[in-house]
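Take a look at the structure set out below.
Here, each number is a calculation from the coordinates, and none is a lab measurement. These numbers were taken from a predicted model, which means no experiment stands behind them. Please note: Cβ atoms are built from the backbone with ideal geometry, for glycine as well, and neighbour counts cover all protein chains shown.
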Amino acid sequence: MKLKFENQAFQLDAIASTVNLFDGMYTIALAEQLANQNEILSYDIVANGLQIDNQLLLNNLQTIQLANNLENYSTELHYGDYNTVPNFSIEMETGTGKTYVYLRTVFELNKRYGLTKFIIVVPSDAIRTGVLKSLEITKEHFKSEYNNVSYDYYQYDSDKISKVRDFATTNSIQIMVMTIAAFNKSSNNIKEFKDKFGEYRPIDLIAATKPIVMIDEPQSVDNTENAKNAIKELNPLFILRYSATHREAYNQIYKLDAIDAYNQKLVKQIEVASIEDADSANLESTPYIKVIDISAKLELSLELDVQNAKGKISRKILKKIAKGTDLQQKTNNDIYYGYVVEDFSRDYGLKLSNLDREIEIGEAIGNEVSEELKTSVMLRLAIENHIKKELAFSKLNIKIKVLSLFFINKVADYRLHDNDTDTDGWLAKLFIEQLKLVLQSSDGKRYIDLCRKVFNLDLEQDSDLAKLHDGYFAKDKKGGYKDSKEDTQDSVDAYRLIMQDKEKLLDRQIPLRFIFSHSALKEGWDNPNVFQVCVLQESSNTFKRRQQVGRGLRLCVNSFGERVKDERINTLTIIAGESYNSFAANLQLEYETDVKIKFGNVHPLVFASQILKNNTELTLQDAKQLSSDIHEVLKVGGLINDDNQITEKCKKLIKINAFELSDDKVKPYESLVAGILTKLTNKLPIKNQRNKCEIKLNNTVYLSPEFKALWKRISPKTIYSVELDSEQLIQTCITEINNQLQVDKQSLKIVRAKLIIDDSGIASELQHQDLILLNSNNQIDCVSKIVLATGLMRNSVITILQNISDFKRKMMALNATAFTEQVSDIINHVKTKLIIDGIKYHKISDLNLDHSDTYYEQKLIENILDHGYREQNGDTNIANANDLGINPDELSKKFLFDVLRYDSQVEFDFLRDALTMDKVKLIAKLPAWFKVNTPLGKYNPDWALLIDKDGSESIYFIAETKDANFMTNGRTAEKIKTECGKLHFIEALDVDYQVVSKFTEIITKC
């Protein structure tokens, strides 16, 4: 299998944020630095020659930070411990393609600025192996994207020190991957003098190239003075830092945190299956608590299970416990989540929250649960979930391999090694025992049949059963297995096996489905098709819940190597040995403390970016001032507190659509502010599997003649054609550029260097030892860049530029980069509008094409794989008749499914109101796969309705539900898609279509 890669907007945004830092800067030969290094010069070193202008860099940085709505706004360049070397931080949530982003950034920096020398520094062998694997599987993709560009990648190997010379002297892109341990000591091979390098060390050759250093997981790389000094010795031109958990975000330029990733559905959704919440196995979930004494002085002594800093739990007596003590915090043990000392007395004993009775002096509660019983339940739960998911995928012909990952305490629990022979440990035997029990169930029998027919596996044979599971562990020098940490040399072979078998693991025909590992693999390993993580390890401060979750966050891929984005499929289940409430609360806490996500925090400039986008006549300073004014209005009105946290008052007003800004000056931005505040109140949507509701098809509606008639009307597929008048396009572009273009003059230091560009790459050739000025206007081919950005013919771009006003054309000389970008944006905006004006939709069935796929078959609806959650705290996205406040008969007679899964209050209200209207005969929430093609991608409409008009005419109606402010504040791309949807349904299918915020807006149709 070959993994396929695509251009994802959020990844391209992260790359552009980096590349645009250096707009207006040019490549020079590195004359001054190499002038006195004659021996190194004799190697014909090819260096990165970008001329950094600090003031321009700061200006670009601030522009990017504002555009990306970043809280950490830089008023100056921060160098940290790196003297004059600029550092820039890119934050990306685990599973969103951080490695892909920095690898592609290499090629963009080369394309824009001719940079060729890149060093990727990683904290461990595991991550190094993963990066090299990523370079291997993306090679064909990057060659295709970048015109077959020549490049080399390799790991730094102290036994192959001659590769350093190749790195320094080759004029094509060079990517060297190194662990920090390879060069952070004076004894490292790279810092020793070698005969073949003369009087210089290998690291001196690297330093002469002024490499771009990319640090993967900087919190684990340059976290010591030695590490920072080692990176300084590389003499980087600048440093790019990539992580989901920055310890310090130097000059942050991009942020995609956990909330953004979950809300944008860029990673799997998370659900927790807790054995403490389970009703099976008669597990007692009450933790051990014994009241030792309540003294005459009212001093409370308890015996509790206390966890130390290393994660070991032991039973201890704790004295002088006060009222209000949180036992979870006191013991550092999550099993006591929610247990707080309310009161105590020698008369009645101890009162605790979470407990409906008192505990008397000398009494103990909480049954001991054997570790084996607890493990058995967790294994069985994991196996049952796994099998259900595989069966569901098979039923719907979804070709996706399902993997489950188990973290264990000791390797010997799973695998024993003696006399050159491997045997199963007690955990492996227990897994097989539980697997056999599950296979006796009805689902298990269907799974046996599936494996026999599709995967050629006979699970009634022990030999085939054993193929389903395996472990990845480090080996000791005798060939046995050992408990290892993720960053030890012993584990290199084990990690290499994991990394290099990634595609193999994704093959459905490979039997391996259940993977056991001792290491936390906390940084560097994941697999897109891990759908379950079962944590059999003891709780540990070094093994965070977010690290457990991170092993399976990436969106899954199918058997064709294609990324699957269907949220119905992408759910990660955590099998937890603690309660759902405990897991969810502690995961939130870890994100707040480790990742520094500030849930509900409103910084003063948070609104500036959107204000600027909504009102292009404002200056950057105007937008910043307005944002600060709004922030002050919110604080004065009690909508945020002194710590900039959103108040409950504010949340309530937003929920009931009563949010207002009291100051007339900022009132026009009311809806914009409400939208941003709504987003900021979001927390991680961690669901309880126990509260999952599977959505079922309502056959009363599905099989009715009325629904069949509705489906027949809306199901035909279309293709679109576009009539675009090129002369109109050119003239409109000229007019809009004359009206909108505004480029300010820039002050730059510019130095001459001759670039030699050939098939092997880019090199700089010194013309003189002295630096010579270069005219910047000749350095940027504006026409080519605009052609590339807009897709217009070259002659059309030239015609546009020749016919704009002289005043606007002269702006090219002020700042060619800004001129190019603004002109491209204006042309693209004009082009999009004209495309919509000229688009026509045609039913495929009317075109006499040799095309069998002309409509969506109704039977596809039967393949439903959807669910929602009814959480006890009211956080739910499922509504039944009772929730909607309607007669259950109305729902069963009119709605296509047994319950509604909704994503917004607008959807909830729309369905409720529609179902109470007598003239609405049928209503269906359209499946995610029901899509209309548009020039900006596929569009999935919301609702299909059958409306009875005066008892004589049936109206077939498609409704798109959006917030009331959608048409004024919604994203342009979404508006264009809805316009295309309107043309598809009204013109091609003769079906009514309308974008509405509430049902009463279409009442006239009734």
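For the reader, a short list of remarks on this structure follows.
- Projected-area average for segment 60-195 over all orientations - Cα convex hull basis, square nanometres: 10.6
- Amide H contacts under 5 Å for VAL306, placed H, 5+ residues apart: SER314, ARG315, LYS316
- Whole-Å semi-axes of the ellipsoid equivalent to segment 284-368 (Cα gyration tensor, √5λ, descending): 20, 14, 12
- Helix-only mean residue ellipticity at 222 nm for the chain, each DSSP H run of n ≥ 4 adding -39500 (n - 2.57), per residue, nearest 500: -10000 deg cm²/dmol
- When the convex hull of its Cα atoms is projected in every direction, mean area for segment 14-256 (nm²): 12.5
- Here the chain is treated as a sphere whose radius is the Kirkwood value from Cα pairs; by Stokes-Einstein at 4 °C and 1.567 mPa s it diffuses with a coefficient of 40 µm²/s.
- Fewest-first ranking of TYR73, TYR993, using other Cβ atoms within 10 Å as the exposure measure: TYR73, TYR993
- FRET efficiency for the GLU660 to SER442 pair, using the beta carbon distance and R₀ = 56 Å, is estimated at 0.50.
- Long-range amide H partners of LYS687 with built H, under 5 Å: ILE270, GLU271, VAL272
- The orientation-averaged shadow of the Cα convex hull for segment 789-925, equal to a quarter of the hull surface, comes to 16.7 nm².
- Listed residue pairs exceeding 30 Å between alpha carbons, taken from LYS613/LYS652; LYS833/LYS921; LYS2/LYS374; LYS410/LYS502; LYS2/LYS840; LYS651/LYS949: LYS833/LYS921; LYS2/LYS374; LYS2/LYS840; LYS651/LYS949
- Calculated on alpha-carbon atoms, Rg and Dmax of segment 890-1006 in Å: 13.9, 40
- Cα-Cα over 24 Å, subset of LYS117/LYS163; LYS133/LYS389; LYS655/LYS962; LYS117/LYS143; LYS316/LYS351: LYS133/LYS389
- Theoretical gain in end-to-end length, ASP159 to GLU953 [0.36 nm per residue, Cα-Cα removed]: 277.6 nm
- Here the gap between ASN882 and ASP44, fully extended at 0.36 nm per residue and compared with their Cα-Cα distance, gives a gain of 293.9 nm.
- Each residue of segment 386-400 was assigned a 3J(HN,Hα) from its phi angle through the Karplus expression (A = 6.51, B = -1.76, C = 1.60, θ = phi - 60°), giving 4, 5, 4, 5, 5, 5, 5, 4, 5, 4, 8, 6, 8, 8, 10 Hz with x at Gly and Pro.
- Along each principal axis, taking the top coordinate minus the bottom one, the Cα set of segment 570-726 gives 64, 59, 33 Å in descending order.
- DSSP beta bridge pairing in segment 14-256, given as percent antiparallel to the nearest 5: 5
- Per-pair calculated FRET efficiency, R0 = 51 Å: ASN641 and LEU936 via Cβ, rounded to 0.05: 0.80
- Cα radius of gyration and Dmax for segment 366-406 (Å): 14.4, 47
- Under-5 Å amide H pairs with THR934, H placed in peptide plane, nonlocal only: TYR939
- Among ARG452, ARG870, ARG794, the order by Cβ neighbours within 10 angstrom, fewest to most, reads ARG794, ARG452, ARG870.
- Equivalent ellipsoid semi-axes, segment 559-663, via Cα gyration tensor eigenvalues times 5, rooted, Å: 35, 22, 14
- Equivalent-ellipsoid semi-axes for segment 363-442 (Cα gyration tensor, √(5λ), whole Å, largest first): 27, 22, 11.
- In sequence order, calculated HN-Hα J values of segment 903-912 (Karplus, 6.51, -1.76, 1.60; Hz; x Gly/Pro): 10, 7, 5, 4, 5, 4, 5, 4, 5, 4
- P(r) tail fraction, segment 135-187 - alpha-carbon pairs more than 16 Å apart, %: 51
- P(r) for segment 404-475, from all Cα pairs and a bin width of 10 Å, is 17, 46, 28, 9, 0 %, short bins first.
- log₁₀ of I(q)/I(0) at q = 0.12, 0.18, 0.25 Å⁻¹ - segment 608-681, Debye sum with one point per alpha carbon: -0.30, -0.68, -1.23
- Sequence-distant aspartates and glutamates (8 or more away, or on other chains) whose Cα lies within less than 13 Å of LYS696: GLU862, ASP866, ASP898
- Here the calculated FRET efficiency for ASN223 and GLN509, from their Cβ-Cβ distance with R0 = 51 Å, stands at 0.75, rounded to the nearest 0.05.
- Residues ASP853, ASP825 arranged by fewest to most Cβ contacts within 10 Å: ASP853, ASP825
- Straight-line cross-link reach from LYS565 at under 16 Å between alpha-carbon atoms covers these lysines, not counting any fewer than eight positions away in the same chain: LYS4, LYS265, LYS268, LYS399, LYS401, LYS931, LYS938.
- Contour excess over end-to-end distance, with Cα ends at ASN188 and TRP426 and 0.36 nm allotted per residue: 81.4 nm
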